[in-house]
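Down below is the structure, laid out as structure tokens.
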Amino acid sequence: MDSHHHLCYKRQECFNAIRNKISDCNSLQDRHGSRYLINGKVVIEHSPGLSGPGKSATVQVYSSTVIDPNTRKGKLSGKACLKKGKSSKKDSTKTTVYKIKLHVEPGFGNPGAFLIENNHKHRFFLQSATLVTPENKVIHFDCRSWVYPIKDTNTSRLFFSNTCYLPSKTPACLVELRKEELESLRGDGTGERKEWDRIYDYDVYDDLGNPEKGPDHVRPVLGGSRSRPYPRRGRTGRPATKNGTISLDTYVPPDERCSPKKLSEFIANAIQATAHFLLPEAKSLPRDSSSFESFGDIRDLYSNNRRQAMRGTSVTEKVKMFAPAQLFKDVTHVIEEVDIKFPLPQIIRANQFAWKLDEEFGRQMLAGTNPTRIHCLREFPPRGTLTESYIEQSDIEHNLDGLSFEQAMKQWRIYVLDHHDYLLPFLRKMYSEGVCPCASRTLLFLRNDATLKPLAIELTYPGSSNNVDGMKTMVFLPEKEDIPQALWQLAKAHVAANDSAYHQLISHWLHTHAVVEPFIIATRRQLSVMHPIHRLLDPHFKDTMHINALARTVLINAGGILEKTLFTGKFSMELSSELYKQWRFDEQALPSDLIKRCMALEESENPRGAHMLFQDYPYGLDGLDIWLAIQTWVGDFCDIFYEDDASVKSDTEIQAWWSEIRNVGHGDKRKEKWWCQMTTKADLKRTLTTLVWIASALHASVNFGQYSYAGYPPNRPSRCRKFVPEEGTMEFAEFLKDPDKYFLNMLPDRFEASLGIALMEVLSRHTSEEVYLGQRATSEWIDNEQVKQRFEKFNKSLREMEKQIMERNGDPELMNRRGPAKVPYKLLYPDATKVETPAGITAKGIPNSVSI
């Protein structure tokens, strides 16, 4: 072929390609008539500064009824380009709606999936798609996913309709697509992840240390060994060591990331809370390690919305260092003006000294931010795995409101808050780091009005003698005289420090954040988005992997905020691993937990599964109501899709999901006998109810009250800098001179306390994008009217509970609902009635997921 003919051939080839492209995108002519035309709309979100994808994005649909013999997949339609969209702007988000027309062959049937190809240079967020068939059947696609340019991903994105199928009931046209999609999400376990990769895999916690900063920043790997077991996290493929800088670009799969709006809101909240450290001119918070001079000095940390401009400070540059460009732009308005003082915590609003009362001290074990540790004492003296208590019967028998010791024990009236034996192996190591750590046991008596009266506190701490392990033990009793009462107050502070660390590391981080992540990974890897259980669980996983990744960067890492604020210091996560050895998934079901702690009795005929020992246990009573509502909803949902036990046992995806959770995600516990076998509907319902409970209500109960109680350091100090002094020592002489001054010197210093308050403020805030229990992000989240009816019933039951909770809080006989501090218990108030959910510190509301 000569050069002229070769050139003509190339021109003709280009012309044909252009003509074919035009033909693919032509939505104005219908060669087959409207009968073979599928109409629809596609809703896309993107940043206002960027143009929409326009003609650079194309859509095709797969038939759910007609199979292509060449591909063994559904017949594929022609392409439609996204063009002439109508845009609207809200806040920092631009939404564009595109109308599309897709040509299909006669007999194409209903679309079951669609492909979208992004040839634009930017990613966009595909909100949803809606298609209308020639027979006027409406088919919804709830996408809510980032679509990256094909130049990065090398593949189009596939989305299935909102119709759910068990694997055995999947239409033949969609079987291969279902299989391929799951395989792509699993990856091959190699390589470093890129921003656009949608790959889910497991890894151990090998990214907490930072050896490059020196030996003091080395941390053990958690997970994968008998000595340090731990749940698995999402794999990033990045090196385990770090360079010491904070980064918000830690890899998580795109669909697990917080939205740009939420992330900017989160960073804005963090800026607000940490302005005290960023603003040198914030005189009320000296950035040093000095002690507070008085309770008034602490009170000066708080104010009513006094604001100060930050323009011209170094804050802008500090935020720029770790925030991506667009995120930085979104939060600049916050940088310009912030509160330079903290909001007033609830614990001191009505009565600034109610926190000192023994009644309030006991009440917070039932209705505070860590109500899951206290248990009824069934044998005396208390015993742990390592020691027996030094508290004697004679220490408490005079203080049982007229009951004999035997009567009190027989009536289940003595309770214990136990933070003793699990801490003993760590005390001396912690002491060497400059803190004054104690292990504690606290005994309490349940009075006739259901309030808890503290009876005795046992403290064990590193010392020279009085037992073979070089530990000293002291027992403190409540007293009314000034000096003994002041010593008692010091002992209570050590108990609160123990409880604060346990709450943050175990009740909050381990028992919700960490244990849920393997379930998320297994769900994405083993359950197709077409699977009904995937559809059920998806809202309860929103943002969790991203929040956990951020926590590994700034919160639980070496030198992170928890190490700086908790008395457990550099041993915090090692301690968390030690207590994971005691974790059982089946005991995180609320009825099982209450029964185990002897806070309730098993009652098989009761739909809740348990009967409260006493009604004025706000967490337990409200919790069982929420548990029953979740259990009923989950049961109704499962009954729609599963006919019998055999249908669960034969569900290949559910079996693979459960096997992977047991053997990989929580693989360090694979040999435990308490795992259910997942062979019955009852197994499935119980597992799903427990998982939804953990992700929603349990997390809400231990998270959103943190600022109310721990936002005031004297009430819940996170560490103590002094031991309770012994008579005859220099410390005791110092204490006698000014007991209040000694107490203040025992508390965290100004910097530690302010950092802890800032953390409590950030963690306790709801964001404006929160979706609460009983709510869904869209009304078209599933194409099944029976499911929607059951879900509406679930929502209605939660709204009824809101009324009931408010009635309980107003009942004067239920004294633990408000207590001396007048803090109403609303941590399990669902807030399911609100359409526009309030942002900020509300101390109420149950988000669907572990999303902060």
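The values are calculated or read from the model by the stated rules, or taken from the named source; none is laboratory data. Since we're looking at a predicted model, the values are computed, not measured. Glycine gets a Cβ as well: all are built from the backbone with ideal geometry, and neighbour counts include every protein chain shown. The protein model used for the area step is the full one, side chains on, heavy atoms only, and it has no ligands, DNA or RNA in it. Shrake-Rupley method; radii C 1.70, N 1.55, O 1.52, S 1.80 Å.
In this structure, residue 335 does not qualify as over 19 Å from residue 495 (Cβ atoms) and modelled with pLDDT of 95 or more. Contact map, the range 59-72: residues that are basic (Lys, Arg) paired with residues that are assigned to a strand (DSSP E or B) and crowded, with 18+ Cβ neighbours inside 10 Å, Cβ distance under 6 Å, separation 6+ or inter-chain. No pairs are found.
Exactly one residue out of 514, 493, 501, 486 is open to solvent by 10 Å² or more (accessible area, probe 1.4 Å) and in contact with a helix residue (DSSP H, G or I) (Cβ under 8 Å, 6 or more places away or on another chain): that is 486. Being among the polar types (S, T, N, Q) and open to solvent by 20 Å² or more (accessible area, probe 1.4 Å) is a description that does not apply to residue 145. Of the residues making up the range 73-90, those that are free of Cβ contacts under 8 Å to residues at least 40 places away in the same chain and closer than 27 Å to residue 176 by Cβ number 2.
This table checks each residue for (1) closer than 17 Å to residue 478 by Cβ; (2) part of a strand (DSSP E or B); (3) open to solvent by 30 Å² or more (accessible area, probe 1.4 Å).
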| position | (1), (2), (3) |
| --- | --- |
| 378 | no, no, yes |
| 381 | no, no, no |
| 396 | yes, no, no |
| 416 | yes, yes, no |
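Name every residue in the range 383-394 that is open to solvent by less than 80 Å² (accessible area, probe 1.4 Å) and within 39 Å of the chain's Cα centre (by Cα), in order of residue number. Of everything in the range 383-394, those that are open to solvent by less than 80 Å² (accessible area, probe 1.4 Å) and within 39 Å of the chain's Cα centre (by Cα) turn out to be 384, 387, 389, 391.
Taken over the range 609-650, the criterion of being under 27 Å from residue 806 (Cα atoms), part of a helix (DSSP H, G or I) and acidic (Asp, Glu) is satisfied by 622, 625.
Please indicate, with yes or no, whether at least one residue in the range 103-111 is under 37 Å from the mean Cα position of the chain (by Cα) and closer than 29 Å to residue 654 by Cβ. Scanning the range 103-111 turns up at least one residue that is under 37 Å from the mean Cα position of the chain (by Cα) and closer than 29 Å to residue 654 by Cβ. I need the full set of residues from the range 576-594 which are in contact with a helix residue (DSSP H, G or I) (Cβ under 8 Å, 6 or more places away or on another chain) and under 14 Å from residue 208 (Cα atoms), in order please. Scanning the range 576-594 gives a single hit, 576. Just checking, which of 576, 507, 592, 528 is outside any helix (DSSP H, G or I), modelled with pLDDT of 95 or more and either out of contact with any His (no Cβ under 6 Å at 6 or more places or on another chain) or open to solvent by less than 10 Å² (accessible area, probe 1.4 Å) (or both)? Within the list 576, 507, 592, 528, the selection yields 528. The residue that is least open to solvent (accessible area, probe 1.4 Å), counting only those in the range 30-46 that are touching a strand residue (DSSP E or B) at 6+ places or on another chain (Cβ under 8 Å) and at pLDDT below 60, is 30.
Scanning the range 127-142 for residues that are more than 15 Å from residue 62 (Cβ to Cβ) and open to solvent by less than 40 Å² (accessible area, probe 1.4 Å) gives 128, 130, 140, 142.
Filtered by the rule that a residue be in contact with a Cys (Cβ under 6 Å, 6 or more places away or on another chain) and either of a type in the set (Val, Ile, Thr) or open to solvent by 10 Å² or more (accessible area, probe 1.4 Å) (or both), the range 422-461 gives 436, 461. Among the candidates 751, 743, 791, the residue that is within 30 Å of residue 720 (Cα to Cα), more than 22 Å from the chain's Cα centre (by Cα) and at pLDDT 95 or above is uniquely 743. Against the criterion of being surrounded by fewer than 21 Cβ atoms within 10 Å (Cβ to Cβ), at pLDDT below 95 and farther than 21 Å from residue 452 by Cβ, residue 803 does not qualify. Restricting attention to the range 80-116, the residues that are open to solvent by 60 Å² or more (accessible area, probe 1.4 Å) and in contact with a His (Cβ under 9 Å, 6 or more places away or on another chain) add up to 2. Could you say whether any residue in the range 405-414 is in contact with a strand residue (DSSP E or B) (Cβ under 6 Å, 6 or more places away or on another chain), open to solvent by 10 Å² or more (accessible area, probe 1.4 Å) and in a strand (DSSP E or B)? Among the residues of the range 405-414, not one is in contact with a strand residue (DSSP E or B) (Cβ under 6 Å, 6 or more places away or on another chain), open to solvent by 10 Å² or more (accessible area, probe 1.4 Å) and in a strand (DSSP E or B), which makes the answer no. Residue 778 passes every criterion in (1) open to solvent by 70 Å² or more (accessible area, probe 1.4 Å); (2) over 24 Å from residue 365 (Cα atoms); (3) not small (Gly, Ala, Ser) apart from (1).
Residue count for the range 185-219, restricted to those that are open to solvent by 60 Å² or more (accessible area, probe 1.4 Å), of a type in the set (Asp, Glu) and closer than 27 Å to residue 151 by Cα: 3.
Note on the range 542-555: residues that are crowded, with 24+ Cβ neighbours inside 10 Å and under 19 Å from residue 748 (Cβ atoms) total 0.
Of 222, 263, 182, 166, all but one fail to be farther than 21 Å from residue 539 by Cα, open to solvent by less than 30 Å² (accessible area, probe 1.4 Å) and aliphatic (A, V, I, L, M); the exception is 222.
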